[in-house]
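Worksheet: one structure, shown below.
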Amino acid sequence: MAGCVSRVELSVSCRSLLDRDLGSRSDPLCVLLQDVGGGQWAELDRTERIKNCQNPEFCKKLVVDYYFEKVQKLKFGVYDIDNKSFDLNDDDYLGGIECTLGQVVSSSVFTRPLELKQGKPAGKGTIMISAEEIKDTRVVYLEIEARNLDKKDFLGKSDPFLEFYKQSDAGTWQLVCRSEVVVKNNLNPCWRKFSVPLQTFCGGDFNKPIKVQCADHDSDGSHDLIGTFETNLTQLQKAGDGSPVEFECIHPEKKQKKKSYKNSGIIRIKSCKIETEYSFLDYVMGGCQINFTVGVDFTGSNGDPRSPDSLHYISPDGINEYLIAIWSVGSVVQDYDTDKLFPAFGFGAQVPPSWQVSHEFALNFNPSNPYCQGIQGIVDAYRQILPQIRLYGPTNFSPIINHVARFAAHSAQQGTASQYFILLIITDGEITDLDQTRQAIVNASKLPMSVIIVGVGEADFKAMEFLDGDNGVLKSLTGEPAARDIVQFVPFRQFKNAPREALSQMVLAEVPKQLVSYYKWQGWPPVKQPEIKMM
């Protein structure tokens, strides 16, 4: 496995974007994709959307792992977002570029004209990208309120928000974060607590000048300045334990014009805390074991395994889509499990000797010890069991999800970041117990586990896409939302002609974030904490 040399965060801004909206300017967002082979691109990250802006300076940084020994092909795409859907296919494309991460990190500011397609410029649009290595994994948490801000709106009060800028070595100001909430119609706002990586905020220099701007939000993008002040992290850190730090918000033009001018309001820093944010590698290198379980769909809709058009038919060269999925995902995950013993189950078949339908039977027919030795052990068990069972139905996912969840719950009771569970379900997509599966996933979202679903064959996978909460939070039948997104669904057909590693990169892309989000939610550090937080 290639070792990640370090992580870099990319700052993106654009100039002269195309105008796609009638009566107003575009609402741009930038998405970052990485080439995973075979013509497939996987999304790594995306910026926030900025309303009514042709010259956006995106606040959200795009974070990417940098591998010196890999050519990492990247694609930046800028879209005009006019709806709430996560999917970008229904949004106007404002242009993009393809480059390598090496090109970006070796330029101080990487500037390129945007193209709608190769050789076709996107008007005069350009994109500017600068890279900074993340050397520090601490995070600044801020709680801020304001008092008596100037009224800016003719008919109502102001809709204030904050922007923080750090001073670069060249003396210019670079936007590092924007308060998330615009408090509508309020001159005494209290903003939601927000966070920003310490490296982004001040480059780890507690005395680096920070400029804070308070402005009145206007929907047309022409925000009015209320006032500004300068500080640094050392000063901000004095806030907390009921004693806020206060700053006068000064409007430079008003100060010049009026002798009697005092200020345009008071900004109060209620709390400024610095906490360590651990990475996936911190947890893995700190002793977290990743337990891998496989669930294989043996329902009748797969077709008779003896027939060449069956999804379970093993071709003369010894493979089928089920085996390729097991190999490609398992070969990556097995590196993180020391004993290399993997439980493997089938569901939806009639099994001997009683020929009752079972929704969680051990592939090795040993319910008290369902473990297979390595990925090869799973493959061997799968090949041996195929002629011994009868494919049947229905397709129930919830029993096997609940099975793994019981182990994850037992592990969670220890209160340490020692074990995380990944369940790979390979299915032809005709799910029967959707409501029970929704409940099982919502329950599992509170546990140290992730569910990966690979859909084989040509079925309609709408139910699988619904379980993968990318288009909004998955909820149980009773309306209980998932605590975090733990399901990743990928249709195998997208990867038929791609290299084998492309499938594993796509399905495992979310796991590091899911693992970190669980332990962060619980407040559990790595079992063995890193000595120096430098990458």
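The values are calculated or read from the model by the stated rules, or taken from the named source; none is laboratory data. Since this is a predicted model, take the numbers as computed values, not measurements. Every residue, glycine among them, receives a Cβ derived from its backbone with ideal geometry; neighbour counts consider all protein chains shown. The accessibility values were calculated without ligands, DNA or RNA, using every heavy atom of the protein model including side chains. Shrake-Rupley method; radii C 1.70, N 1.55, O 1.52, S 1.80 Å.
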Considering residues that are without any contact (Cβ under 8 Å) to a residue 60 or more places away in the chain and within 22 Å of the chain's Cα centre (by Cα), the number found within region 51-74 is 7
Out of all the residues in region 298-329, which are part of a loop (DSSP other than H, G, I, E, B) and under 20 Å from V490 (Cβ atoms)? L311, H312, I319, N320
Could you go through region 270-292 and let me know if any residue there is of a type outside the set (D, E, K, R), in contact with a Cys (Cβ under 9 Å, 6 or more places away or on another chain), open to solvent by less than 70 Å² (accessible area, probe 1.4 Å) and at pLDDT 95 or above. no
Which ones in region 330-389 are open to solvent by 40 Å² or more (accessible area, probe 1.4 Å) and either among the acidic types (D, E) or part of a strand (DSSP E or B) (or both)? D335, D339, L341, Q356, V357, E360, Y371, Q373, D380
The lone condition G204 fails out of (1) touching a residue at least 60 places away in the same chain (Cβ under 8 Å); (2) more than 27 Å from P28 (Cβ to Cβ); (3) crowded, with 16+ Cβ neighbours inside 10 Å is (3)
Those residues of region 390-404 which are open to solvent by less than 20 Å² (accessible area, probe 1.4 Å) and touching a helix residue (DSSP H, G or I) at 6+ places or on another chain (Cβ under 7 Å) amount to G393, F397, S398, I401
Quick check on my filter: what residues within region 22-67 are farther than 19 Å from S279 by Cβ, modelled with pLDDT of 90 or more, open to solvent by 50 Å² or more (accessible area, probe 1.4 Å) and basic (K, R)? R49, K51
Scan region 39-80 for residues that are of a type in the set (A, V, I, L, M) and more than 20 Å from M128 (Cβ to Cβ) and report the count. 2
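Inspect all residues belonging to region 500-508 and state whether any of them is at pLDDT 90 or above and either under 20 Å from the mean Cα position of the chain (by Cα) or not in a helix (DSSP H, G or I) (or both). Explain how you work it out, then say what you get.
So in region 500-508, the residues at pLDDT 90 or above come out as none.
No, region 500-508 contains no residue that is at pLDDT 90 or above and either under 20 Å from the mean Cα position of the chain (by Cα) or not in a helix (DSSP H, G or I) (or both).
When region 442-478 is examined, which residues are found to be among the aromatic types (F, W, Y) and open to solvent by 10 Å² or more (accessible area, probe 1.4 Å)?
From region 442-478, those among the aromatic types (F, W, Y) are 461, 466; that's our starting set.
Within region 442-478, F466 is the sole residue that qualifies.
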Take the residues of region 293-329 that are among the aromatic types (F, W, Y) and open to solvent by 10 Å² or more (accessible area, probe 1.4 Å): which is farthest from I426 (Cα to Cα)? Y313
I'd like to know if region 462-481 contains one or more residues that are part of a strand (DSSP E or B) and not small (G, A, S). yes
Determine whether I426 is outside any loop (DSSP other than H, G, I, E, B), in contact (Cβ under 8 Å) with a residue 60 or more places away in the chain, open to solvent by less than 10 Å² (accessible area, probe 1.4 Å) and of a type in the set (A, V, I, L, M, F, W, C). yes
If you check I290, I266, which single one turns out to be closer than 30 Å to S517 by Cβ, in contact with a strand residue (DSSP E or B) (Cβ under 8 Å, 6 or more places away or on another chain) and of a type in the set (A, V, I, L, M)? I290
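Hey, among P481, P491, which residue is within 24 Å of D435 (Cα to Cα), exposed (fewer than 14 other Cβ atoms within 10 Å of the Cβ) and under 20 Å from the mean Cα position of the chain (by Cα)? So that I can check it myself, show each step before the final result.
On the way: P491 fails: exposed (fewer than 14 other Cβ atoms within 10 Å of the Cβ).
When all the criteria are applied, what remains is P481.
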Set Q384, Q334: member being touching a residue at least 40 places away in the same chain (Cβ under 8 Å) and within 17 Å of I324 (Cα to Cα): Q334
Could you check region 84-131 and list, in sequence order, the residues that are closer than 23 Å to N55 by Cβ, under 26 Å from the mean Cα position of the chain (by Cα), crowded, with 17+ Cβ neighbours inside 10 Å and among the aliphatic types (A, V, I, L, M)? L94, I97, V104, L114, I127, I129, A131
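Buried (at least 20 other Cβ atoms within 10 Å of the Cβ) and not aliphatic (A, V, I, L, M): does that describe F421? It would help to see each step written out before you state the result.
Details: buried (at least 20 other Cβ atoms within 10 Å of the Cβ): yes; not aliphatic (A, V, I, L, M): yes.
Yes, satisfied.
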What's the number of the only condition in (1) at pLDDT 95 or above; (2) surrounded by 18 or more Cβ atoms within 10 Å (Cβ to Cβ) that H410 fails to meet? (2)
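Yes/no per residue for (1) at pLDDT 95 or above; (2) surrounded by fewer than 19 Cβ atoms within 10 Å (Cβ to Cβ); (3) not polar (S, T, N, Q):
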| residue | (1), (2), (3) |
| --- | --- |
| R406 | yes, yes, yes |
| Q414 | yes, yes, no |
| E430 | no, no, yes |
| T437 | yes, no, no |
| A440 | yes, no, yes |
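Against the condition part of a strand (DSSP E or B), within 21 Å of A502 (Cα to Cα) and outside the structural domain of E465 (by the TED database), how does V31 come out, does it pass?
Numbers: part of a strand (DSSP E or B): yes; within 21 Å of A502 (Cα to Cα): yes; outside the structural domain of E465 (by the TED database): yes.
The answer is yes for V31.
Restricting to region 417-427, give me the number of residues that are of a type outside the set (A, V, I, L, M, F, W, C) and either touching a Gly at 6+ places or on another chain (Cβ under 9 Å) or modelled with pLDDT under 95 (or both).
We begin by selecting, within region 417-427, every residue of a type outside the set (A, V, I, L, M, F, W, C); these are 418-420, 427.
Filter once more, keeping what is either touching a Gly at 6+ places or on another chain (Cβ under 9 Å) or modelled with pLDDT under 95 (or both): 418, 427.
Residues flagged as of a type outside the set (A, V, I, L, M, F, W, C) and either touching a Gly at 6+ places or on another chain (Cβ under 9 Å) or modelled with pLDDT under 95 (or both) within region 417-427 amount to 2.
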